[in-house]
1. Could you calculate the contour length gain from A:Val27 to A:Lys136, that is, 0.36 nm times the residue separation minus the distance between their Cα atoms, to one decimal place in nm?
2. For chain B, what is the accessible area per residue in Å², given a 1.4 Å probe and the full set of protein chains?
3. So how much accessible area does B:Arg92 have, in Å² to the nearest 10, using a 1.4 Å probe?
4. What is the magnitude of the charge dipole of the protein assembly as shown about its Cα centre, with +1 placed on the Cβ of each Lys and Arg, -1 on the Cβ of each Asp and Glu, and no other charges, expressed in debye to the nearest 20?
5. Buried accessible area for the A:B pair, summed, 1.4 Å probe, in Å² rounded to 100?
6. Sticking with the crude label model, points 7 Å out along Cα→Cβ, report the distance from A:Lys125 to B:Ile4 in nm, one decimal please.
7. Please give, to one decimal in nm, the separation of the simple spin-label points placed at A:Ser34 and A:Glu81, each 7 Å out from Cα toward the Cβ.
8. Let me confirm one metric for peptide A:97-108, namely the mean number of other chain beta-carbon atoms within 10 Å of its residues' beta-carbons.
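The values are calculated or read from the model by the stated rules, or taken from the named source; none is laboratory data. No experiment lies behind these values; they were computed from the predicted model shown. Note: ideal-geometry Cβ built from the backbone for every residue, glycine included; neighbour counts use all protein chains shown. With ligands, DNA and RNA removed, areas are computed over all heavy atoms of the protein, side chains included. Shrake-Rupley method; radii C 1.70, N 1.55, O 1.52, S 1.80 Å.
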There are 2 protein chains.
Amino acid sequence: MSFIEKKISGKRIYEGKILNLEVDEVVLPDGSVSSRECVRHHGGAAVLCVLDGKVLLVKQFRYLYGKEIYEIPAGKLEKGENPKDAAARELREETGYVANDLKPFLKIFPTPGYTDEIIHVYLAKCCGLGSQQLDKGEFLNVNLIKIEEVLKMIESGEICDSKTVSAIYKYLYENK
Amino acid sequence: MSFIEKKISGKRIYEGKILNLEVDEVVLPDGSVSSRECVRHHGGAAVLCVLDGKVLLVKQFRYLYGKEIYEIPAGKLEKGENPKDAAARELREETGYVANDLKPFLKIFPTPGYTDEIIHVYLAKCCGLGSQQLDKGEFLNVNLIKIEEVLKMIESGEICDSKTVSAIYKYLYENK
């Protein structure tokens, strides 16, 4: 059975720096009418980089959680930007590392109930080191942490970020 | 080095059914002022249930992606609801399955740049079968799919949902 929802009308509530919010009126499969709260986002790109058994992680303050958290290097796509180019750019800007070879690794819908964001995760095989070039207003620390330690940090709940957790478990599963 | 952002003021832009949007003015670590777009959400609960090597998945239309996608059973917490109770409730309502034993499995921040949602994922060891009780306006199909097949669906990009991908890879890694 297929359950399609058809848009009747849409209202732009907010236009922001990283997201827009729209509320659409839709027809449900039984003919009834409902609304859908839609966070519209350009998408993100991230890089899992494992160097000599150590994972490249950035630690940054995430205002929404009120604390600093560890994540693989990532950022949002600029308008029209190719996800692979964005991944290489974010890796370079955030950490100074330059990827010689980026392979598609995972495609993630972070929370499909209210955002259309797609996070494209790449695996970086080898990385040379350049210099960090953070965006204005961006503050973060770069860390190389042994993958066994990263696993413990996930198990203890210290690392919760979805792109990081997915990528680490996929990597561990494929390399066990 | 620690990088804290302090709230100066906040503005409620939208109050909705599943999310609120606020835009806060904050002071960054260098003393400059910026804004943070904050999607506020009560949090979610999900259940990974593996029965005789098959994974319980629901397939539902996700308006934000314009298609039906597979996810582990999940839903949002009701105000003040315990995540474990919510997980058991959503499993029962969406699939008819009743969990005898729910163990904490993962805690996920789906996309920490703009939402404060936490998704609590539980592992259901054993499940009895009751009857589905969908919410009004909720339409979905229930599927039991072999875990090897689910892995292929992740690898092909057919399954992208972050809680599902994280939970499946963790389960596969721990049971390899």
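1. Length gained, A:Val27 through A:Lys136: 34.9 nm.
2. Per-residue accessible area for chain B comes out at 44 Å².
3. 90
4. 180
5. Result for this pair: about 6600 Å² buried.
6. 4.5
7. The answer from the label model is 3.5 nm.
8. 2
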